[in-house]
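Please treat every number below as a calculation from the coordinates, not as lab data. Source: prediction; values computed, not measured. With ideal geometry, Cβ positions are generated from the backbone for all residues, glycine too; neighbour counts draw on all protein chains shown.
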């Protein structure tokens, strides 16, 4: 399978991209936007086979601040405007006149920011995977799920929030348990290499953009909220979430209810990365959706 890699100049820095498969004029490529902010494209590589199976290019990139586009010491960059302009730059540089967009977690927020607030001609459909329309709604749902943790872990998280000190052993243990229940991992021997390889996580981008953890949105994205704009989205939207997801069924339903031409698929036993935890079903769903909206 053909893999093409390269870098795109952006704001005086470099954005890494990775293209899987050959261009097919009959099928718009799928551009994948990873989570974080500050994660990487790596886990999307579990879908590499899909490019050949559906005869469709997959295009992924490491957003500025992480992975092969790593950068830190620039807190002024970590805003929704920076990442939206990067998406626009990637589309122009790779000549993606027509494209399907798949946004995972924060990548879905970026997708919604782009669709709701920027010119986005040529976007044929959206796949909103384990994502959110509102940071405050997300925070409220995480607070609700924290109440399912053992009492001592709830107390540790509460103490951390009150003190602003999130790196105590008790708080870190509580956060780890919460993420194990609702996010992903642990990965090890026998898992795809893309899930276990060392990666340069954009810690600064995450902390400045989002906050100290998943349940404390206090960074530059804390006021992100496109709920009232969902009704104006004209592109067809496939919403995917897991039954044990950080993106709770309530969050997913908020998007499904708000976007006129949308469909919601719940992966009941999955956590935050349905494409990793049930790759065959995810790929079947993608294939039917993309071919139905080309």
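If neighbour count is taken as other Cβ atoms inside 10 Å, put 127, 226 in order from fewest to most. Don't jump to the answer; show the numbers that get you there.
Details: 127 29, 226 19.
Ascending number of Cβ neighbours within 10 Å: 226, 127.
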Over all directions, region 91-197 yields a Cα convex hull whose mean projected area in nm² is 10.0 nm²
If you bin the C-alpha pair distances of region 79-138 every 5 Å from 0, what whole percents do you get? 4, 18, 30, 28, 13, 5, 2, 0
Between region 109-142 and region 209-256, the alpha-carbon center distance in angstrom: 7 Å
Most exposed first, judged by fewest Cβ atoms within 10 angstrom, 285, 128 run 285, 128
Report, in degrees rounded to the nearest 10, the 0 to 90 angle that the Cα long axis of helix 106-117 makes with the longest principal axis of the chain. 60 degrees
What residue among 202, 219, 12 has the largest mean-square fluctuation in a Gaussian network model of the chain, using Cα springs under 10 Å? 12
Ranked by GNM mean-square fluctuation in the chain (Cα springs under 10 Å), the top entry among 45, 198, 277 is 198
Fewest-first sequence of 289, 106 by Cβ atoms within 10 Å of each Cβ: 289, 106
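What is the diffusion coefficient of region 1-79 in µm²/s, taking the Kirkwood radius over Cα pairs and the Stokes-Einstein relation at 37 °C with a viscosity of 0.692 mPa s?
Translational diffusion coefficient: 246 µm²/s.
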To test your reading of the geometry: what angle, between 0 and 90 degrees and rounded to tens, separates the Cα axis of helix 151-163 from the longest principal axis of the chain? 80 degrees
Report, in degrees rounded to the nearest 10, the 0 to 90 angle that the Cα long axis of helix 135-146 makes with the longest principal axis of the chain. 50 degrees
Can you show me the helix-derived [θ] at 222 nm for the chain, built from DSSP H runs with n ≥ 4 at -39,500 (n - 2.57) apiece and divided by the number of residues, rounded to the nearest 500. -11000 deg cm²/dmol
Specify the residue with the greatest mean-square fluctuation among 194, 270, 116, computed from a Gaussian network of the chain linking alpha-carbon atoms under 10 Å apart. 194
Let me see the P(r) profile for region 203-256: every Cα-Cα distance counted, bins of 5 Å, each bin given as a percent of all pairs. 4, 16, 18, 20, 22, 16, 4
If every alpha-carbon in the chain counts as one equal scatterer, what log10 I(q)/I(0) does Debye give at q = 0.12 1/Å? -0.74
For region 150-294, with equal point scatterers placed on the C-alpha atoms only and solvent neglected, what are the log10 I(q)/I(0) values from the Debye formula at q = 0.13 1/Å, to two decimals? -0.79
